[in-house]
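J.: The structure under discussion is supplied below as structure tokens; questions concerning it will follow.
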Amino acid sequence: MTTLLSTSLLSEHHGLVIEKGGGAALAELPYEGVVDLFKQHGTLMFRGFEATADDFRELVQRFSEKLYFHQNPNRETISEDGAVLLVDAHRNPIPAHAEMSYCPLHPGLQWFYCVQPASSGGATTVYDGVAALDLLAKETRDLFEEKRLTWRLPFATGPEHQERVFGTSDRAELDRLFAEFDDFTYDFDDAGNLNWSYTVSAVPQAPYIDSRTLCNSYLGSGAIVSFEDGSPIPQHCRWDALDATEKVAVDLEWEVGDIVMIDNKRVMHGRRAFEDPNRRVAAMLSMPNF
Ligand SMILES: [Fe+2]
């Protein structure tokens with residue numbers, strides 16, 4: 001099934017590189033073969049295909065049943081329909097996080113596409129949450145297994161922002177959508193602004209393998225978090241999670257045209273610092289069609 005695929009390990013920790021290597025073109029890669037490797041490895045890098053932004057968009061579409069639009073309105077788009085966005089314009093390092101895992105829209109797939117690497121630094125990092133959980137200090141692991149996390153946004157979501165994030169600001173439609181979410185409570189103020197809270201495990205079940213995974217937004221999110229009983233998360237949990245994730249970090253040293261497909265419900269991602277203002281990496285988020 002995977003004979004058309006030329007592969008090598010991405011790192012000793014996890015992940016797989018699928019190379020062109022004289023084999024099939026990007027659009028001709030066998031669907032089932034790619035899906036099988038993705039479920040097993042958690043991160044796939046597609047290298048050597050000289051992918052354009054349109055190729056990137058097509059690959060994402062081929063493995064997705066729905067695209068998500070990022071909640072940050074300040075990102076530059078590089079595709080005509082606005083679905084392919086550059087990652088945020090800052091240059092600071094970003095610790096391990098799973099995109100939008102603080103809310104029930106949590107997309108299954110995180111995608112990156114390298115338009116232009118930084119001249120130095122600026123690697124995107126990936127962290128297999130299954131391996132990180134094995135290395136997490138027992139005290140923190142026990143706490144995370146016992147008590148889920150409750151998330152809130154620091155600001156209420158106005159109607160215009162509701163439209164962009166949820167596809168509507170119509171109250172009845174939002175009520176129908178939110179009824180599908182587990183462990184989600186919400187209310188609207190008199191001006192129609194939405195406040196919500198969402199409770200979810202910091203160490204959920206991974207989607208395609210029989211294991212829990214350290215996969216959450218605890219280390220890198222502007223959202224407000226506590227344990228579900230309202231108690232604060234002890235500071236040692238942060239250091240323990242930073243230690244465990246750094247031990248399994250894999251630096252993606254970008255080349256022009258690289259595409260990376262990440263299991264956003266198992267593997268976290270982040271970024272190393274850089275100075276080069278010309279670094280351009282695009283991201284997409286989607287729900288898998290498998
Ligand atoms: Fe991110």
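The values are calculated or read from the model by the stated rules, or taken from the named source; none is laboratory data. The structure presented is a predicted model; accordingly, all values stated were derived computationally and were not measured. Note that we place each Cβ from the backbone using ideal geometry, even for glycine, and neighbour counts take in every protein chain shown.
J.: Go through the range 212-251 and count every residue that is assigned to a loop (DSSP other than H, G, I, E, B) and either more than 15 Å from the ligand (Cβ to nearest atom) or of a type in the set (S, T, N, Q) (or both).
T.: Matching residues across the range 212-251 total 13.
J.: Among the candidates 68, 113, single out the residue that is within 15 Å of the ligand (Cβ to nearest atom) and either in contact with a helix residue (DSSP H, G or I) (Cβ under 8 Å, 6 or more places away or on another chain) or at pLDDT 95 or above (or both). Don't jump to the end; show me each part of the working.
T.: On the way: 68 fails: either in contact with a helix residue (DSSP H, G or I) (Cβ under 8 Å, 6 or more places away or on another chain) or at pLDDT 95 or above (or both).
The conditions single out 113.
J.: Further question on the same structure: Filter the range 258-272 down to residues that are in a loop (DSSP other than H, G, I, E, B) and charged (D, E, K, R) and give me whichever is nearest to the chain's Cα centre (by Cα).
T.: At the first step, the residues of the range 258-272 found to be in a loop (DSSP other than H, G, I, E, B) are 258, 264-266, 272.
Filter once more, so that each one left must be charged (D, E, K, R): 258, 265-266, 272.
Values: 258: 17, 265: 7, 266: 9, 272: 16 Å.
Result: 265.
J.: Continuing with this model, one more query. Only one of (1) surrounded by 19 or more Cβ atoms within 10 Å (Cβ to Cβ); (2) modelled with pLDDT of 95 or more; (3) closer than 30 Å to residue 62 by Cβ is not met by residue 100, so which one is it?
T.: Unmet for residue 100, out of (1) surrounded by 19 or more Cβ atoms within 10 Å (Cβ to Cβ); (2) modelled with pLDDT of 95 or more; (3) closer than 30 Å to residue 62 by Cβ: (2).
J.: Given the condition within 16 Å of the ligand (Cβ to nearest atom) and closer than 17 Å to residue 288 by Cβ, answer yes or no: does some residue in the range 72-95 qualify?
T.: No, because not a single residue in the range 72-95 is within 16 Å of the ligand (Cβ to nearest atom) and closer than 17 Å to residue 288 by Cβ.
Every residue, every condition in (1) crowded, with 17+ Cβ neighbours inside 10 Å; (2) at pLDDT 95 or above, yes or no:
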residue	(1), (2)
142	no, yes
163	no, no
167	no, no
171	no, yes
174	yes, yes
177	no, yes
207	no, yes
236	no, yes
242	no, yes
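J.: Within the group 170, 183, 175, 187, which residue is away from the ligand (no atom under 16 Å from the Cβ) and under 22 Å from residue 146 (Cα atoms)?
T.: Numbers: 170 fails: under 22 Å from residue 146 (Cα atoms); 175 fails: under 22 Å from residue 146 (Cα atoms); 187 fails: under 22 Å from residue 146 (Cα atoms).
Exactly one of 170, 183, 175, 187 is away from the ligand (no atom under 16 Å from the Cβ) and under 22 Å from residue 146 (Cα atoms), namely 183.
J.: Right, something else. Can you list residue pairs whose Cβ atoms sit under 8 Å apart, with the first residue in the range 136-159 being without any contact (Cβ under 8 Å) to a residue 40 or more places away in the chain and the second being assigned to a helix (DSSP H, G or I)? Count only pairs 6 or more apart in sequence or on different chains.
T.: Here the result reads 157/165, each pair linking the range 136-159 to a residue that is assigned to a helix (DSSP H, G or I).
J.: In the range 264-289, how many residues are farther than 23 Å from residue 140 by Cα, charged (D, E, K, R) and more than 14 Å from the ligand (Cβ to nearest atom)? Before you say what the answer is, go through the steps one by one.
T.: Pass one, the range 264-289, residues farther than 23 Å from residue 140 by Cα: 271-289.
Next, only the ones that are charged (D, E, K, R) stay: 271-272, 275-276, 279-280.
Then keep just the ones that are more than 14 Å from the ligand (Cβ to nearest atom); that gives 275-276, 279-280.
Summing the residues that are farther than 23 Å from residue 140 by Cα, charged (D, E, K, R) and more than 14 Å from the ligand (Cβ to nearest atom) in the range 264-289 gives 4.
J.: Also, I was wondering about something else. Taking the options 3, 77, 43, 52, name whichever one is at pLDDT below 90, touching a Gly at 6+ places or on another chain (Cβ under 9 Å) and of a type in the set (Val, Ile, Thr). Before you say what the answer is, go through the steps one by one.
T.: On the way: 77 fails: touching a Gly at 6+ places or on another chain (Cβ under 9 Å); 43 fails: at pLDDT below 90; 52 fails: at pLDDT below 90.
Being at pLDDT below 90, touching a Gly at 6+ places or on another chain (Cβ under 9 Å) and of a type in the set (Val, Ile, Thr) holds for just one of 3, 77, 43, 52, which is 3.
J.: For residue 79, work out the one condition from (1) within 28 Å of residue 13 (Cβ to Cβ); (2) in contact (Cβ under 8 Å) with a residue 24 or more places away in the chain it doesn't fulfil.
T.: (1)
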